[in-house]
Structures are given as C-alpha cells and as structure tokens.
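Just below is one structure, and these are the notes that go with it.
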Amino acid sequence: MYKDVSSKVDFIKLEHKQLKFWEKQKTFDKLREQNKDGERWSFLDGPITANNPMGVHHAWGRTLKDVFNRYHSMLGQKMRYQNGFDCQGLWVEVEVEKELGFKSKTDIEKYGIEKFVQACKDRVKKYSKVQTEQSKRLGYWMDWENSYFTMADENNYTIWHFLKKCYERNLIYKGHDVMPWCPKCGSAMSEHEIATEGYKDLTHPTIFAKFYLKDRPKEALLVWTTTPWTLAANTAAAVNVDLKYVKVKQNDEYYYLAKNLTDILNGEYEIIEEFTGDKLLGLKYTGPFDELPAQKGVVHKVIRWDEVSEDDGTGIVHIAPGCGKEDFALSKENDISVIAPINEFGIYLDGFGELTGKNAQKIASEIFATLKSKEILYKRDQITHRYPTCWRHGTELVFRLVDEWFISMDVLREEIKKVVGEITWIPSWGYDREIDWLNNMSDWMISKKRYWGLSLPIWECDECHNFEVIGGKDELKERVVDGWEQFEGKSPHKPYIDNLKIKCSKCGAKMNRIPDVGNPWLDAGIVPFSTMNYISDHDYWEKWFPADFITESLPGQFRNWFYVLLAMSTVLENTAPFKTVLGHALVRDEKGKDMHKSAGNSIPFQEAADKMGVDVMRWIYSAHNPEHNLNFGYKIAKDARKKMLTLWNIYSFYITYAEIDSYDPTKNKITNDDLTELDKWVLSKTFQFVEKAKKNYDEYKIGRLMRDFEVLIDNISNWYVRRSRRRFWKSENDTDKYCAYHTLFLSLKTMILTMAPVIPFVTDEIYQNIVLSVDKKAPESIHLNSFPKIEKDLIDEKLSAKIDTIIKMVGLGRASRDKKNLRIRQPLGKIFLKLKNEHEKEFVLDLKDQILGELNIKNLEIVDNVDEFLNYEVKLNFALLGKKIGKGIKTVAKALETIDTDELVEKIKTGESIFINDVKIAPNEFIIDIKEKKDYSAIESNGYFAIIETTITNELKEEGIVRDLIRNIQTLRKEADFNVEDRIMLGIKTCKSIDDAIKNNKEYLKTETLTKSINKEVEIVDIEKEIKLNGESINISIQKVERG
RNA sequence: GCUUGGGUAGCUUAGUUGGUUAAAGCACUCGACUUAUAAUCGAGAGAUCGGUUGUUCAAAUCAACCCCCAAGUACCA
C-alpha cells in the first residue's frame, strides 16, 4: 500500500525525481488552471541581470519570492508568475568586452557597434537560459516561457512614454556641467554608480603653489591643490570673506594665507598684517600656466566662496571651473573663464603646450618640475583622502566638463516622498532609508556615452538647439522624415536608431538623436508599467497594478530599483507601484566575510544545489532573519539537513508501522473522543502551529515560522512518537492503536501542507506517499492543495500547558538520575516532586503514569516541603562580601559555623538580612548549597524539585537485569535480520540469580521480545551469543518461529 | 562629519507593549539508548545582555552620554 521508506534518504536525488514529476505532470500549469478565477495577488519581480550564472545570493531572494508565491497560490489566489531579466547597460558591455578582449571604446568602434550590440543581446539570451534552468532547479515556480526582458521593445518604448511625460513637465534638461568621469569607460559616472562602491582611500601628491599678484612684485597668494593636473586650467582663486587671513614675510617675499593655517609654512616667518578675506577680493594674479594658448586672455582674480574652510590647505582655493563641480558653479556666479583641459580619455587637448597629448593623471611630476622652474612652487606634500573611482575599472575618476541629460528632482523629490509613505517597508527602517536617499538625491543623470542600452528618445536641433522627446514608436514613425525604411523591423537600439532624423518643430531643420544611451535603472524602473501592458492593454494593467508585494536585496536598492520604481510611478500615476516591500540583506561566507570569486570563498548556485540540495538551501534562507546578513556555507547546511531529517524520520516511522498494519487513513473511523490526551496534545500543538504559521506568512515573517516548525517537529519526534512507540508496536489492532495512527497521520499531513511553500520537494515526496498512496482522489501533488484549515476545536491551550509541565518534570527526573549515574534501564522505587501550583499538581497526578514510564520509576508522590530529603549548607559569597567588609570576612566565616543552618536558611529564604558579628549580610551575600540526604538524589530548577529514592531492592535489581537481557536479545534479533514482528523461542543458560530474575519477570520478558517459550536451549539455533551481565555469563540462543 | 540599524554564552541568533531566576541551535564535557540506528535521546558547563549614568517598585527592553561594528550619505580646494 505504502511505498517503503528508507531512513537513509538522499534528498538531492529526491529533488531531481520531483522536478521530473512536476514537469511531466505539468503540475504548475494545473495549479494556474485551478486558481484562474481566484482573487488576484500581484507579485512584481525585480529583474535579475542576465549576465552570469546565479550565485547563492540570488537564490535567497528567489526563495523568498517563491515561498510567498506558493503560499498565496495555496490560498487559491491568481498570480502572474512573471520573472524578469535585466538586459541592458554597462554590466553586460563589461562582460562582452572581456570576452572579446577589448580595452577601450575605440576597440568597440573598430569592431562595429552593430556587431557589438548583437553580442550583448546574445550574451543576455545565453545567460537568461542558464538562470532559467537554475531557477527551476531551485524549485522556483514561474511562467518561464513568458519572462520579461528589459531590452524588449515594449519596455523601451514605455520608458520613452515616461520620458515624454517628464519632458512635458519640463523636467528634462541638458546639463553642461562638470561630472565625475572615467577615462577608461569614456563615460560620466552617475551618483548611483559612485555611491555604490566608488570611494577609496588613496594617497595623492599635493602642491602648495605661489600665485604672484599683479602689480605687487614679491607678493603671492599661497594655494593648495590635490590635483596638480588641474592647475593648467586655473582661472581663479577663492577666499572666504569671513575668515581671518594674514600677510606673512618669509625671506624677501610676502605670502597671503589663512591665519589659522600658517603651520604649513616652511621655517621662520613674520606676520605683517591681519585682515578678513574680503580684503583679498578682486585682486588679480598671474596664473601658473599663463603662457599656454588655452589660457590666452584669461584674467585671473580672487573671488568669494563661502565654502572655503580652514580645515586643510591655505584658505585660498585654486579654482579650475573646467575640472570641478563647485568650481564650475562659481564660474556662473562670477565672471571668470572656463577652461576644459582634457578629452574623453583623460588626455590634454590642444592648446596646452607640452602637456597636450599627455595623460592628465600621469603628469604630476612634470607639473612639479614646471612650477619649480618657474619658481612658483612653494612646497610639495602628500595626502591620503577618499577619492572617487570607477566601480568597473578601479581607475581614479577625473572631473570633466561635459553635456549630459538629467531629470530635475527639485519638484519630484517631494512628490516621491509622499508616495514612499504609502508603502509598508519590512524592515520598517527602510522607509527612513528611502527618504534619506531622496533628500540627498540630486538631479538624475539619465544619459551615458555608451552603446548597449535604451536609446534616449531625445532629438536635438543643430540649428536652433531646440530638443524634443519622442514618447513612443507611433509618434516616432509620424515624426521621422528620414531613414524609417532602414529602421523598420529593428529594435530601437544603436546603431539602427541613430540614422533617424525628425523635423525640428521650431525651425524646421533636421534634428539628430543624441548619441547617448540611457541609465539602465530606467529599464528596471518601468517594469510595473511595461510588463503589465500599461500602454497596450490598460484594462489588464489596472487589474494588476500596483503590485501587492516585492522582495529584493536591501542595501543597494534604495537608490536603485526602489528609487526608480518610485520616481517613475510618481511621474506616471502619482502613486506607489507596490504595497509591501520585504528586503533581505547580503549573503556572506561562513565566517561572515564577503563572498568573492577572487577570494575563493564564493559558492556558485549550482555547486550548492548539487551538494546540499535546494530544500536545505531554502530552509536556510527561510529560517534567517532577512534583516541581517546571512553567513552561508556547508556547516550551516548540515544543521538544516539534520532538522529536515527529523521531519523525515517522523515520516519514515509512520510509514514503517502503518505499512505493517496496513493502516489506511481514508477508512479511519476514529473520532476525537477516542483520542488519548497525548493525541489531543499533539494535534493541539499542530493546529496552533498552523494558526501561527498563517499569521507569519501573512506578515512575511517566515523566520518565526521556521522556528515554530523546528519546535513542533522536536515535540512530535521527541515526545509524541517516543511516548507512543509502544502503541504502534503492539500486536493487537485496537482503537488505541488506530488513534495513534490517525493522530500521527493528521499531524504529519497538516504539517507538510503548512510547510510546502518553504520546502516544496520533501513535502511533496512525503505527501505522495502518505496521502496519495492510499487516496487516489487526492490532488496529485501537495502543491495543488489548499493551505490547511485551522481546526480550532482541536486547539487546547490548557492541554498544551499540561504536557509541557510533564515534559519539564521528566527532564528533572532524568537530571536527578544522571546525578547519581542511575541509568534509565534500572527501575527505581519512588520519586518525589515539588511543584508550584495546584494546576501543575493536578496535571502531574493525571499523567503520573507517563512520568513513571518515561523515568522507569514505580511510584510518585507530590510534596510541598522538601526539607526531609535535603540538608542545607550555607556559605558566604566571598566575591560580594569581600569587597564590602574586607579583612573582617574571616571572623564572620568563623562565626557562621556556630549558627544553626536550618534557621539561617529559613531567614535567608524570607529575604531577611542577617547580622553576624554586627555585620549586616544581605540574603544574596550567602550561597546556599543543597545536599540531599543519603539514599536520595535531588535536583532543583526554578523552584521545582525532583527527588528520587536511590535504594535498589532485590526486586528492582532483578527487573533491571531482565531489562538488560531484553536489550541484548533485541540486538541479537536485529543481528539475525529478523523482522520486527517475527516471533521467537528463547534458550538461556546462566547462573541461579539471573535465572531467578527471569522467573520473576517472565511474562514481561516474553512480551517485550515476542517470545513464545523460554528454555535452557532451542532446537534450531538461528543465532547464539555469550554475554556478561553483573559479572555472570549468560548464553542466549534464539530460534525463529512462524508468525501466528 | 551626518543618518539609520546593531552590539545578548566560544559561534550563529530569539527575546512581541519594561514584569518571576535571559531562550534556542551548533560547538564542548559527561551519560543513556540500540524496534526511527552510518541514527536518536538526555544532562552539564557556559552571559555582570558593549560601557557609564539615569527614569521606574521593576530595565536586555525606556532616556542620556561614551566605545565598537555594519549599512547609507556627504566629501571639496
């Protein structure tokens, strides 16, 4: 009837079997069919970059996604199950460049943009397939045929629609500004990119230079710079008008600098004059590179800047408006020239003399030499500071004046912040974090001078500098005046789209598309619209928007996915695109270190799946508090596997005996009234668990769910099954036995149904055997079942408390046996228990037999006073008292010996302080030791006492001997490969005392070992062994007889 | 620097609105069991809950300050 279950389970093999089963049976399709009319639950998948195989960190997020999807499908809800792949952007370009061995943009241009873009598309296709297969292996149930790709036309054109909206609101502008720039990428870096992993501590050479004042020979401003290469672009010097400055004399020259920064001066100096910064304003000076053609006609002067501080340098700041953001801003406020010295690869442009054609970042020493020869170098030094670098190349960024496109955040910021409040953030501090980012976020740079990505739909007029944004494919077609035939049928990517011209609505000239691609986060941010057919099927979109739930890795997404989702949704609909977000932290290695391929501690998903199995992985992910980083590895996998094995063992135990007795749960006639208290208890625990589980799933707290589950399987395994074993073993098929089967079956089934979303493989395997083997009408997979109903009638709080008391008392009893090395097999006469209240007394008396059975003790008595079993010994707490009374403690200790201990204990217990030799001693300054009297073993815990009588009578001793004998016989039966239910004949040859023991416990021995008769020897010896017991030898021989 | 989160046993973590003697798993020590067995079970030891001060009858929990860790954010000359 049932399928045999090995207790040596291979979870990984089982998972592969299950995967095949689901595929063959199209279980997932059946599930969707089953729920097609259900209430909608909208989950939105954050796209995974389809650029490499999955790592174990991806599996965490995907497990969470799957767990909640599965839970909601068990509630009968209808879902979209759409997975997403992130396709466009520099990430992919980087990998393709590596593949092709490219070093710079020039290599790409040579190779051909069309071919390069195709290679990017191909890479995405390749890895989206790999990730799809890996996700399936994880048990992630999604509509894999219909994953969305952010490179899809629908996605790109919906972004156009969004950009058009921004354009209509006047939010899009072309910024002519200084941006952090990577000379290797040949591209500007946006704020998101630098913030992520940009800043590094770097040491740079610094220069103190002398800027001689015009018309004041021998007088110079001292300025400081950490970027010597920018000196060639200097056009001004800035001071803070409120700071104190000084003019100092050194040798025969005069220098100006901030009063509080004179420490930087070399050697002796004399202060000539002191004044505030405004006195310096407007002074003209000779720039350090005035002879360069690029500097021709530039008037260098001192300007005002309130940000100048006295923390570093000289208090006079070198200003190069073509090389610094603030500098550039100052150039707009003041009438100073702007010089942009370098090209996109960081090379000096024409007009910089000797410097032209040289790499700006590698000429510090040349600059020193030049300044020195001009005698305007004051001194050099170095500084270690945090400096922005490229996340991709690690190269130091330069600051370069460029044209980039931006979405203005000034107005949007507040609108988005309002929307953020509509969302439930888990953990709740996510809200603050997002607001914090929004407060700090400056305008969003959406352009990138690269190749593979969204083509920004911005057309610019060379004639009148007008620009226009196109909002979709239809509009494009309408506006295009040139090149549509070649474009038709192509995706809106470079290079195809670059040839399209439209007519300028202002001057009528032909407009060109700007060559830039878009920020890839636009791609991911639009998905609540594009994938839900915002434009093509608005009805559908309205049904699924906003998403009920998203879950992603926390740290980065506040400024990435969450941010762009919010920004785009605010512009388009002024509402949040999701209701609840669950964030999870990062995966680390077992020691808590970052996983890196280069460090050799990273675990690819595939390896983990092959070695530990995905149920184990899912268990680990689910059990972890997602707020904290997860230390992932094979050691914690072993722990999780062990817990899963406990579940498996309960199952395997059930099957072993249910099979022997041909128990069929569908023919069950047991009613609740038939059940024993223990049965009721375990069912109560089970349904209490279901009740809490539902709440935990609903609140996205599966860490708690897993903890409760672990406690439950421990309860079932270590108490219910252990206490009930005999009911399963016994030969009569009575109601009591069926109650046990019924209970274990119901509990197990309920439990696996509750846990199916978390560990879908092992639960389906168990389900198919315990349920499907006997009930052909049941759904063919556990995943086609509903979430279990909470049987309130079966929940009994009082009963739970009752059994918990019993378990506690048994624990104490064991401890007191342990203390005197009295093994469980040796029966003992009596145990005394001291409890705390009447309830507990009632519980214990009621379930006295269970305690006695569990502890192998004959009698139990509840006592209120334990004094007759115990002696107290009172000592001083030297650690505490020593500090207080110092030397006197010795005399106090002596005096203590003369005081009656019992009286003292009495007083201490009431909390009275005691005076010894006029020293007041508080109760906690005593240490009370409990020593049980002879013939007792006592254990105290939290005011509960368990005291056992340790005297062993002859009768008890004999019983102990027989128990030992039974154990040996059982071992022999096993060695001889007898079945559990085989009957035997027993031959025992031994001394008289043991013979007597057997005689006095004959029936007991026979029942336990399924023995028909006991003699000195048997006719046919199936197995025989000589053992030693209590120093006497025993010869045991066994013969198997036919059953019956 | 600023913002947020955190610091609980050797390790990884629980600890819901303050409320008896701070919980679990792993590791460790000892023991039991041998009909869930390349399993299983029990017991023990182990924490002044980062520090100091305060509020309170009562603080791991609330407040203030300080010290560490993580994340975010700002960084210029």
Quick one, what does Rg over Rh come out to for the stretch A:954-1041 if you take C-alpha atoms and the Kirkwood Rh?
-> 0.93
Using alpha carbons only, how many degrees (0 to 90, rounded to 10) separate the axis of helix A:561-573 from the longest principal axis of chain A?
-> 70 degrees
Alpha-carbon centroids, the stretch A:524-544 and the stretch A:962-990: separation in whole Å | 72 Å
Identify unpaired cysteines across chain A, taking unpaired to mean no other cysteine Cβ lies under 4.7 Å from the residue's Cβ.
-> A:Cys87, A:Cys120, A:Cys166, A:Cys323, A:Cys739, A:Cys991
Reach of A:Lys834 by Cα under 22 Å, taken over lysines that are not fewer than 8 positions away in the same chain = A:Lys798, A:Lys802, A:Lys808, A:Lys819, A:Lys820, A:Lys848, A:Lys858, A:Lys907, A:Lys909, A:Lys931, A:Lys933, A:Lys934
What base-10 log of the normalised intensity I(q)/I(0) is obtained for the stretch A:327-385 from the Debye formula, alpha carbons as equal point scatterers, at q = 0.12, 0.18, 0.24 Å⁻¹?
-> -0.43, -0.89, -1.05
Counting only heavy atoms of the protein chains, get the accessible area per residue of the stretch A:525-655 (1.4 Å probe) and round it to a whole Å² value.
-> 37 Å²
Ignoring ligands and nucleic acids, what accessible area does A:Arg817 show with a 1.4 Å probe (Å², nearest 10)?
-> 0 Å²
Would you kindly compute the Cα radius of gyration of the stretch A:684-814 and its largest Cα-Cα separation (Dmax), both in Å?
-> 15.9, 48
Qualifying trypsin sites (Lys or Arg not before Pro) in the stretch A:999-1030, DSSP loop, other Cβ atoms within 10 Å at most 14 = A:Lys1016
Compute the accessible area per residue over the stretch A:199-388, keeping the other protein chains in place, probe 1.4 Å, unit Å².
-> 48 Å²
Based on the alpha carbon coordinates of the stretch A:567-703, what radius of gyration and maximum Cα-Cα distance (Dmax) apply, in Å?
-> 22.0, 68
Distance between modelled label sites at A:Lys332 and A:Asn466, nm, 7 Å Cα→Cβ extension | 2.4 nm
Going through A:Lys30/A:Lys667; A:Lys115/A:Lys490; A:Lys680/A:Lys792 one by one, the pairs whose alpha carbons sit over 19 Å apart turn out to be A:Lys30/A:Lys667
In whole Å, largest first, the alpha carbons of the stretch A:199-388 cover along the principal axes 46, 34, 33
To the nearest 10 degrees, how steeply does helix A:677-698 sit against the main Cα axis of chain A, on a 0 to 90 scale?
-> 10 degrees
Gain in span if fully extended, A:Phe345 to A:Ser598, counting 0.36 nm per residue against the direct Cα distance | 88.2 nm
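If chain A were replaced by its equivalent ellipsoid, with semi-axes equal to the square roots of 5 times the Cα gyration tensor eigenvalues, what would those be, largest first, whole Å?
77, 43, 25
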Taking amide H positions as placed in the peptide plane 1.01 Å from N, state which residues far from A:Thr575 in sequence (5 or more) or on other chains have amide H under 5 Å from it.
-> A:Thr570
If the chain between A:Val130 and A:Ser428 were fully stretched, how many nm would it gain, using 0.36 nm times the residue separation less the Cα-Cα distance?
-> 103.8 nm
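Pop out the carbon and sulfur fraction of the accessible area of chain A as a percent, whole number, probe 1.4 Å.
47 percent
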The distance between the Cα centres of the stretch A:1008-1022 and the stretch A:659-731, in whole Å, is 39 Å
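Before rounding to the nearest 500, sum -39500 (n - 2.57) across all DSSP H runs of length at least 4 in chain A and divide by the residue total; then give [θ] at 222 nm in deg cm²/dmol.
So the helix-based figure for chain A works out to -12500 deg cm²/dmol.
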Here the percent of antiparallel bridges among DSSP beta bridges lying wholly in chain A, to the nearest 5, is 75 percent
The relative contact order of chain A, taking Cα pairs under 8 Å that sit 6 or more residues apart, comes to a percentage of 11 percent
Net length gained if the chain between A:Gln25 and A:Lys776 were fully extended (0.36 nm per residue, minus Cα distance) = 268.8 nm
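The values are calculated or read from the model by the stated rules, or taken from the named source; none is laboratory data. The structure presented is a predicted model; accordingly, all values stated were derived computationally and were not measured. So basically every Cβ, Gly included, is an ideal-geometry build from the backbone, and we count neighbours across all protein chains shown. Areas reflect the complete protein model, heavy atoms only, side chains present, ligands, DNA and RNA absent. Shrake-Rupley method; radii C 1.70, N 1.55, O 1.52, S 1.80 Å.
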